[in-house]
Amino acid sequence: MTGLSRRAVASWRGHAERWLLSGAACALAACLLNPGWVVERARFEHVIVLDITQSMDVQDELLDGKPVSRLAYAKHALRAALLRLPCGSKVGWGVFTEYRSFLLFEPVEVCANLSELRATLAGIDGRMAWSGNSEIAKGLHSGIDVARQLPGHPALVFVTDGQEAPPLNPRHRPSFDDKPGEVAGLIVGVGDLRPSPIPKSDPSGRPLGFWQADEVAQADLYGRGRGSSLSGETMTDDGDAAPAPALGATPGSEHLSALREPYLRLLGSERGLAFTRLASADVLAAALTAPALAKPTPVRADGRVILAVLALVSLLARYAKLPRRLSRLDRHAAVRGALLGVALSGAVATPPAAANDRPFQVARTAVLEDDEQVWSFESWAQRLGKVRGLSVEPEYTFEAGTSVQFELTRLDDRRGSETGHEAEVEFKQLFNDIARDGWGWGLSATLAAERTHDSGGTLPSVEIKLPLSIALGDSGGFLHLNVGIGKARDARRSWNGAVGIERELFKRTLFFAELARENEATFMQVGARHWLRRDRLAIDFGLQQQRADGLRTSGFVVGLGWYDL
């Protein structure tokens with residue numbers, strides 16, 4: 001063994017802990033450089049065209065147990081499906097009315113432009129239509145032509161109920177030169193199979209009742225025939241002609257609308273397009289990510305995963321066997337340091353996974369997310385004066401607006417009075433959609449138990465809050481107002497209130513501020529949240545100040561959250 005090797009081994013044996021911590025710090029620092037390399041992965045590129053004719057206003061779909069229009073149901077499913085497309089995939093929106101599909105914008109990358117895609121999707125409605133006709137076959141051909149001419153040759157996703165207006169004669173259908181399979185794609189059928197009245201509206205979208213039988217063309221132009229030159233003369237079809245396909249027309253009932261599934265399947269088979277019925281958002285997401293629509297695409301692999309794992313292994317190795325000379329309190333501090341390191345490494349390594357009450361620490365929000373049956377995980381490390389805390393907060397969303405969150409917190413007070421543990425279970429129910437109404441409100445109920453060195457036992461408490469959130473115009477910001485009441489065992493009831501505000505300052509980075517008061521105690525916080533992966537993975541940093549019992553303490557908090565797990 002050379003002298004250099006012997007010195008290296010001796011340095012490792014004498015300073016192994018320093019080497020491991022230095023290695024973890026270097027690995028985490030290298031993550032800030034965002035290293036990576038290019039690999040080929042399956043990604044998706046879609047032009048999604050929505051039928052905005054008046055039959056799509058028929059309310060025969062259910063959303064949260066309430067009837068909604070076909071168009072609203074399709075938009076809700078598309079909004080949710082955007083999160084299921086892997087980063088690197090692209091989506092562009094289009095609309096169909098009369099006989100033409102009109103491209104709103106070319107496909108853009110979904111993760112970098114998620115807010116823009118959702119905002120433009122929310123603005124698509126029947127007021128954009130320039131005609132009341134609905135010539136599905138021609139519109140589908142137009143959509144294929146749009147997709148064919150775009151760079152990258154995206155797939156076409158055509159969302160419609162399939163109702164031709166005016167009706168088509170099966171023997172006189174329009175013919176096109178589309179080559180089956182030239183453009184990959186999917187026809188999405190939306191609507192109930194049972195016919196329903198078609199709402200009538202003016203160009204501004206104001207309802208005018210329903211279309212009546214004498215206001216709608218009940219037969220195709222050819223079926224009406226022409227004026228006869230002789231009394232009793234009629235037009236007849238060639239009896240030897242091949243049977244005409246069924247197009248789903250219902251003469252005498254064309255003022256009613258139902259999903260024309262057989263007709264859409266026929267159109268799809270003629271043009272090499274798949275068909276799926278929009279039964280749920282999951283069904284749509286699966287159809288949009290079908291292997292037949294995937295395209296091999298060069299994407300950038302994230303090298304931070306390897307570096308974060310290296311940092312995690314180094315920290316685990318450092319704290320796996322704590323020196324016996326450490327006191328019990330020192331060991332707790334070391335373990336918390338390791339957990340914090342693990343959390344920070346996860347912030348840059350976790351793959352993709354909508355936010356709830358974080359980054360606020362006291363205020364509750366009433367911003368309805370469209371997630372259902374998903375887990376979220378949040379964690380934060382705090383230092384406020386001489387008190388240090390580490391918290392983990394898993395949350396489960398049963399359905400949009402209904403969730404339960406569990407919180408476990410470890411507190412370490414250098415003075416000893418507040419050292420202990422705290423556990424909470426919070427149930428939250430939101431009652432309306434802020435994206436639709438511009439404001440939202442809900443109810444939050446919390447059951448907590450706290451055990452500190454001074455208390456000598458477990459101290460249970462209960463708290464109820466009413467959160468109100470208001471959208472600040474089209475800026476993407478929100479104002480949150482809270483009022484609540486709480487009571488701990490052997491203590492008087494206490495009222496509390498909180499005000500929070502958040503607004504996006506830069507791309508993926510938002511500013512937040514919070515002011516809360518309970519009895520004579522006041523808490524303030526300002527900070528920023530940065531989305532490492534939009535609506536999936538976020539990291540927070542905040543500066544805090546608390547005034548209570550005539551004393552003022554300051555500190556900071558670092559948090560991270562994974563969503564849609």
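Of the numbered conditions (1) under 18 Å from Glu182 (Cβ atoms); (2) open to solvent by 20 Å² or more (accessible area, probe 1.4 Å), Pro296 satisfies every one except a single condition; which is it? Unmet condition: (1). Answer with yes or no whether Gly205 is open to solvent by 10 Å² or more (accessible area, probe 1.4 Å) and more than 27 Å from Gly92 (Cβ to Cβ). Judged against the criteria, Gly205 is not a match. Quick one: in the range 489-528, which of the residues that are open to solvent by less than 60 Å² (accessible area, probe 1.4 Å) and modelled with pLDDT under 85 is nearest to Ala548 (Cα to Cα)? So, considering only residues that are open to solvent by less than 60 Å² (accessible area, probe 1.4 Å) and modelled with pLDDT under 85, the one nearest to Ala548 (Cα to Cα) is Ala491.
Within the range 61-109, the set of residues being in contact with a Lys or Arg (Cβ under 7 Å, 6 or more places away or on another chain) and closer than 29 Å to Leu256 by Cα comprises Glu61, Arg79, Tyr99. Taken together, the residues in the range 20-55 that are assigned to a helix (DSSP H, G or I), of a type in the set (A, V, I, L, M, F, W, C), open to solvent by 40 Å² or more (accessible area, probe 1.4 Å) and modelled with pLDDT of 75 or more amount to 1. Apart from one condition, Leu247 fits all of (1) at pLDDT below 80; (2) open to solvent by 40 Å² or more (accessible area, probe 1.4 Å); the exception is (2).
Residues in the range 99-120 that are open to solvent by less than 50 Å² (accessible area, probe 1.4 Å), in contact with a strand residue (DSSP E or B) (Cβ under 9 Å, 6 or more places away or on another chain) and under 19 Å from Ile52 (Cβ atoms): 3 in all. Would you check if there is a residue in the range 132-147 being within 28 Å of Gln373 (Cα to Cα) and hydrophobic (A, V, I, L, M, F, W, C)? No; the residues of the range 132-147 include none that is within 28 Å of Gln373 (Cα to Cα) and hydrophobic (A, V, I, L, M, F, W, C). Before we move on, is Gly123 of a type in the set (Gly, Ala, Ser), open to solvent by less than 40 Å² (accessible area, probe 1.4 Å), under 23 Å from Leu78 (Cβ atoms) and at pLDDT 90 or above? No, not satisfied.
From the set of residues in the range 145-176 that are open to solvent by 10 Å² or more (accessible area, probe 1.4 Å) and touching a helix residue (DSSP H, G or I) at 6+ places or on another chain (Cβ under 9 Å), which is modelled with the highest pLDDT? The residue in question is His153.
Restricting attention to the range 381-423, the residues being in contact with a Lys or Arg (Cβ under 7 Å, 6 or more places away or on another chain), part of a loop (DSSP other than H, G, I, E, B) and either at pLDDT 85 or above or open to solvent by less than 20 Å² (accessible area, probe 1.4 Å) (or both) number 0. Within the range 253-281, being of a type in the set (Gly, Ala, Ser) and either in a helix (DSSP H, G or I) or more than 16 Å from Val183 (Cα to Cα) (or both) holds for Ser253, Ser257, Ala258, Gly268, Ser269, Ala279, Ser280, Ala281. Counting only residues that are surrounded by 16 or more Cβ atoms within 10 Å (Cβ to Cβ) and in a strand (DSSP E or B), the range 542-565 holds 10 of them.
The values are calculated or read from the model by the stated rules, or taken from the named source; none is laboratory data. Only a predicted model underlies this, so the values are computations on that prediction, with no experimental measurement involved. Here the Cβ is made from the backbone with ideal geometry for all residues, glycine too, and neighbour counts use every protein chain on show. Only protein heavy atoms, including side chains, enter the accessible area calculation; ligands, DNA and RNA are left aside. Shrake-Rupley method; radii C 1.70, N 1.55, O 1.52, S 1.80 Å.
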